[in-house]
Every structure is written in structure tokens, then in C-alpha cells.
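Trainee: There's a structure below that I have some questions on.
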Amino acid sequence: MENTHIVTRFDNDLGEIEGLLVKMADLVGQQIKDSAAALQSGDSKLAKAVAKNDSKINRLEEKIDEKAIRLIALRQPMAEDLRSAITTLKVSTSLERMGDYAKTLSYRSREVDDFSAMKPVLRTIVEMSEKIVTMLDMVMEAYVNRDLPKAVAAREADQEINDKTDALFRELLTYMMENPRNIEACTHLLFISKNLERSGDQVTNIAEQVHYLVTGELLEE
């Protein structure tokens with residue numbers, strides 16, 4: 001009977017942590033969308049709100065990590081339970097980094113007064129941000145449901161982000177060669193596209209954690 005109670009308490013504690021992770025992922029997704037929207041529209045007020053709201057993500061990460069470490073210390077889980085607890089720490093780190101990338105995007109969107117000369121690039125950046133949010137929703141659903149095929153699909157979707165980043169690099173170089181006045185704006189946009197690519201990489205990291213959680217094996221390239 002005591003063992004049953006211990007298992008139940010562990011499951012309840014883990015469920016609470018996973019609920020916080022889902023909340024954190026929702027905040028990160030909104031930050032990514034808002035930062036891209038602020039860039040496209042030139043909305044400095046929205047960009048500042050993104051930067052300010054990053055502290056909410058950081059506080060959630062601290063809370064999740066504290067609960068996960070306490071869970072491991074008190075419950076001393078083994079095997080799959082231990083993987084579940086450790087994975088929460090890995091996922092929270094990836095989400096926190098994605099939040100940082102969104103905050104950086106919001107800072108860069110305010111560094112240039114007018115990005116209108118590169119409207120096609122801005123549209124692509126918005127498309128990339130929307131794709132990353134879709135991937136994030138997919139991988140978090142895979143994490144909660146222990147759905148390995150969905151995690152694989154989220155991981156494979158990152159190739160589209162990589163391809164768009166490469167295409168943007170070539171397009172922005174063209175803008176810079178056509179008019180030296182575009183160099184400053186294009187440089188910021190290059191960094192923005194790279195940060196979005198890194199956000200896609202973090203989704204891939206979470207997908208790999210789902211693979212580890214489900215199979216007990218680290219995913220090899």
C-alpha cells in the first residue's frame with residue numbers, strides 16, 4: 001500500500017511539473033509570434049512587451065527546475081520515472097532558450113527605424129515564426145502523450161526552417177549588394193533569422209528528449 005502511495009505522489013508531482021512546462025511552452029509560442037509581428041509592423045510597444053514578458057518565462061523555468069530537483073531528491077525515482085524527471089529539466093532549458101531568442105528578436109526589431117525595403121524578408125520571417133510555433137505545439141503534445149511518431153515529425157519539420165534560413169541569407173546578401181544603405185537592416189535580419197533557426201533546433205532537442213523518454217535510448221544522428 002505504501003508503494004502505491006509513493007507512486008501516486010510521484011505521478012501527481014510529475015503531472016504538476018509537466019503542466020507548468022505546457023504553460024511555459026504556450027508563453028514561448030506567444031512570444032515568438034509577437035516578436036515577429038512587432039518586427040513586421042514596426043510596433044515598438046509590442047516589441048518592448050515581448051522583452052518585458054521574458055521574465056515570466058524565466059520564473060517558470062526556475063519553478064520547474066526547483067520542483068524537478070526536489071522530486072528527484074525526495075522520491076529517488078528509478079528507470080522510466082527517473083528519465084521523466086530528468087527530461088523535465090532538459091525541456092525547460094530548451095524552452096527558456098527559445099524565449100531568449102524571441103526577446104533578442106524584439107530588441108533587434110527596434111534597432112532600425114524602417115525595415116520596409118525588405119518586406120518579402122519580413123514575410124518570410126513571420127512564416128518561419130509561425131512554423132516554429134506549430135512545431136513547438138506538436139513536440140509538446142508528443143511530450144505530454146509520449147507520442148514518438150509525433151516527436152519524429154516535429155524533428156523532421158526543422159529542415160524547412162533550415163532551408164528558409166539559407167534562402168534568407170542569400171536574399172539578404174542581394175539586398176546588401178544592391179544598396180549599401182541596406183547593410184545595417186540586413187545585418188539585424190540575418191541575426192534574427194539565425195535566432196529563429198536556433199529556436200527550431202531547440203524544438204529538435206525537445207523531440208530528442210521525447211525519444212529518450214519513450215525508449216530509454218539517446219537518439220544518434
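Trainee: Criterion first (touching a residue at least 60 places away in the same chain (Cβ under 8 Å), crowded, with 19+ Cβ neighbours inside 10 Å and either among the small types (G, A, S) or touching a strand residue (DSSP E or B) at 6+ places or on another chain (Cβ under 8 Å) (or both)) does A157 satisfy it?
Mentor: Values: touching a residue at least 60 places away in the same chain (Cβ under 8 Å): no; crowded, with 19+ Cβ neighbours inside 10 Å: yes; either among the small types (G, A, S) or touching a strand residue (DSSP E or B) at 6+ places or on another chain (Cβ under 8 Å) (or both): yes.
No: the conditions fail for A157.
Trainee: Quick one: would you say T187 is under 24 Å from G42 (Cα atoms), modelled with pLDDT of 95 or more and surrounded by fewer than 18 Cβ atoms within 10 Å (Cβ to Cβ)? Even if it seems obvious, please write down each step before you answer.
Mentor: On the way: under 24 Å from G42 (Cα atoms): yes; modelled with pLDDT of 95 or more: no; surrounded by fewer than 18 Cβ atoms within 10 Å (Cβ to Cβ): yes.
In short, no.
Trainee: Step by step: first the residues of the range 184-221, then only those that are assigned to a loop (DSSP other than H, G, I, E, B) and not charged (D, E, K, R), then the one that is farthest from S109 (Cα to Cα). Which residue is that?
Mentor: Step one: of the range 184-221, the residues assigned to a loop (DSSP other than H, G, I, E, B) are 216-221.
Narrowing further to those that are not charged (D, E, K, R): 216, 218-219.
Working: G216: 42, L218: 38, L219: 36 Å.
Looking at the filtered set, the residue picked out is G216.
Trainee: OK, next. Could you go through the range 166-177 and let me know if any residue there is within 24 Å of V22 (Cβ to Cβ) and either in contact (Cβ under 8 Å) with a residue 24 or more places away in the chain or crowded, with 18+ Cβ neighbours inside 10 Å (or both).
Mentor: Pass one, the range 166-177, residues within 24 Å of V22 (Cβ to Cβ): none.
Looking for residues that are within 24 Å of V22 (Cβ to Cβ) and either in contact (Cβ under 8 Å) with a residue 24 or more places away in the chain or crowded, with 18+ Cβ neighbours inside 10 Å (or both), one finds none in the range 166-177, hence no.
Trainee: Just for the range 31-50: of the residues that are in contact (Cβ under 8 Å) with a residue 12 or more places away in the chain and surrounded by fewer than 20 Cβ atoms within 10 Å (Cβ to Cβ), which one is nearest to V144 (Cα to Cα)? Break it down into steps so the answer makes sense when it comes.
Mentor: Here is the first cut: in the range 31-50, the residues in contact (Cβ under 8 Å) with a residue 12 or more places away in the chain are 31-40, 42, 44, 46-50.
From what's left, surrounded by fewer than 20 Cβ atoms within 10 Å (Cβ to Cβ): 33, 37, 40, 42, 44, 46, 48-49.
Working: K33: 23, A37: 29, Q40: 33, G42: 36, S44: 35, L46: 31, K48: 32, A49: 29 Å.
Filtering the range 31-50 for residues that are in contact (Cβ under 8 Å) with a residue 12 or more places away in the chain and surrounded by fewer than 20 Cβ atoms within 10 Å (Cβ to Cβ), the one nearest to V144 (Cα to Cα) comes out as K33.
The values are calculated or read from the model by the stated rules, or taken from the named source; none is laboratory data. Worth saying up front: this structure is predicted, and the values here are computed from it rather than measured. Cβ: placed from backbone, ideal geometry, glycine included. Neighbour counts: every protein chain shown.
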